[in-house]
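Following: one structure in structure tokens, then a few remarks.
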Amino acid sequence: MSELYINGGKRLVGEVTINGAKNAAVAILPAALLVDGVSVIENLPYIDDVQKLKRAMEDLGAVATLEDKHTLTVDGSTLFTHKAVNEYVGHIRASYYLIGALLGRFKEAEVAMPGGCDFGGRPIDQHIKGFEALGATVTVEDGVIKAHAEKLVGTDIYLDVVSVGATINVMLAATLAEGTTTIENAAKEPHVVDVANFLNMMGANIKGAGTDVIRIKGVERLNGGRYSTIPDQIEAGTYMMAAAITGGDVYVRNIIPEHMYSVSLKMMEMGITIEEGDDYIHVVAPQKLKATNIKTLPHPGFPTDLQPQMATLLSIAEGTSTIIEGVWDNRFQYIDELKKTGADITVEGRTATVQGVPALHGTSVKATDLRAGAALVLAGLRATDGPMIISNVRFIDRGYEALEEKLTTLGADIIRKN
Ligand code: EPZ
């Protein structure tokens, strides 16, 4: 079992390049199964979730070949089964996209219940509502989701909650359906737009992605093509906060600054200087940060996937901050671990109150999920009193490529012990 050892207190200086977006990549790969030909997908992050999905797709018959570490060629024409019940599927959340993709392609799908981070309940009722509206019958038997349709026919679907997964999944299932599907109250996250752009590049007819109404006019077939995944908004935000927590001076490169607006503005409220370029953000942080309040919301609100990292940053800001988690029922499980480092945080329901402390100290902590792990890494970068030893690193590996290498280049003292 790997552990990360961080000797904190080093000011991060320099530049870091952000990889492709995990949550776009894990949707674009299943989308490639709708293509009756070869898709070449560039700028994929080299992370565990992508590798697991690649294995799951290979088991379905797709020929998936890494051209280089970040470029995958997927030949979807060789797909021979609609059953995705292998061990890789159950380990990742995004395997639910295989339902939409296989249903769209074969009008039939059998997919093991998805795994992924645990934030209390993670229902998929809105995905199922969408598939059923398109004409599918969906059942769950022995931990396997089974969907079947004689044919899929476009219709109007209103999502009762703004759901990234349901929006993308319905888009996948509707791409090859007969007629036009309208998704009302759709999620507007950058990765929703990225999946639509990928599908359109392959021959789909999807309009409105990035707004709350998406229209998908079914087409008969998707052809192959080449596509480059957008940069990872959450990885970028994590490094912006890593720079800030060390009073650092860091250029975060290869990003789309517009995707970072809510994060940049909140960091500016904390007294951090944010300078935007075409494809970078320059973060310069003072030693003392100011408290602020955040509420996580669907895009363009403050992203829930940066809530734990922001909690760490706020824990050393002067004053009292309030964090309201507006997306997940239970995304504060990591707080107990963070408190071991000296952070002063109380949680009541979906609200965390953070009383700023002058210092964090190194101790042994464990990552409880992916972004919780990132939050503890930030605490480690700041802590001065002994090393921060972080276990359960496998969670962090699910979503951050070359974390130690990137932080080391910026001047951090971080090593992995196996
Ligand atoms: C995606 O999860 C991301 N995962 C999550 O990132 C992210 O936290 C989340 O979107 C919100 O931005 C991937 O893209 C693989 P949702 P997803 O459906 O699609 C409720 C990370 O750290 N809901 O937008 O599963 C749900 O309970 C991960 O990278 C229903 O009620 O999230 C939640 O409260 C963690 N019924 C809210 O909607 C449904 O059918 C938003 O969930 C679906 C969702």
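The values are calculated or read from the model by the stated rules, or taken from the named source; none is laboratory data. Here the structure is a predicted model, which means the values were calculated and not measured. Every residue, glycine as well, gets a Cβ built from its backbone with ideal geometry; the counts of neighbours run over all protein chains shown. For accessibility, only protein heavy atoms count, side chains too; no ligands or nucleic acids. Shrake-Rupley method; radii C 1.70, N 1.55, O 1.52, S 1.80 Å.
For the chain, with the dipole built from +1 on Lys and Arg beta-carbon atoms and -1 on Asp and Glu ones, taken about the Cα centre, which of N205, I415, V327 lies farthest toward the positive end?
The listed residue farthest towards the positive side: I415.
How much length would be gained if the chain were fully extended between V13 and V63, taking 0.36 nm per residue of separation minus their Cα-Cα distance, in nm to one decimal?
Taking 0.36 nm per residue and subtracting the Cα distance, the gain is 13.8 nm.
To the nearest 10 square angstrom, what accessible area does R398 show with a 1.4 Å probe?
20 Å²
Could you check how much of the accessible area of the chain is carbon and sulfur, as a whole percent, using a 1.4 Å probe?
Of all accessible area on the chain, carbon and sulfur atoms account for 49 percent.
What number comes out for the charge environment of H82, summing +1 per Lys or Arg and -1 per Asp or Glu over other residues with Cβ under 10 Å away?
Local net charge: +2.
If you take the square roots of the eigenvalues of the alpha-carbon gyration tensor of region 327-418 and sort them as a ≥ b ≥ c, do you get rounded (a/c under 1.5), prolate (a/b over b/c) or oblate?
oblate
Counting only DSSP beta bridges with both residues in the chain, tell me the antiparallel percent, nearest 5.
Antiparallel bridges: around 70 percent, rounded to the nearest 5.
For the chain, what is the accessible area per residue in Å², given a 1.4 Å probe and the full set of protein chains?
That works out to 37 Å² for each residue.
Under a point spin-label approximation (7 Å from Cα along Cα-to-Cβ), what is the N293-A359 distance to one decimal in nm?
3.2 nm
Any idea what the relative contact order of the chain is, in percent, if you count C-alpha pairs under 8 Å spaced at least 6 apart?
20 percent
Suppose the chain between T78 and R221 were pulled fully straight at 0.36 nm per residue; how much longer would it get relative to their current alpha carbon spacing?
50.0 nm
Among the listed pairs K188/K417; K366/K406; K22/K207, which are separated by more than 28 Å between their Cα atoms?
The pairs that break the limit, which is 28 Å between Cα atoms, are K188/K417.
State the extension gain, in nm to one decimal, for the chain segment bounded by V284 and N330, taking 0.36 nm per residue of separation less the distance between their alpha-carbons.
Stretched out fully, the V284 to N330 stretch lengthens by 13.3 nm.
For the modelled label position 7 Å from the Cα of E150 along Cα-to-Cβ, which residues of region 67-109 have backbone nitrogen atoms closer than 11 Å?
Counting backbone N atoms under 11 Å from the label point, the list is empty.
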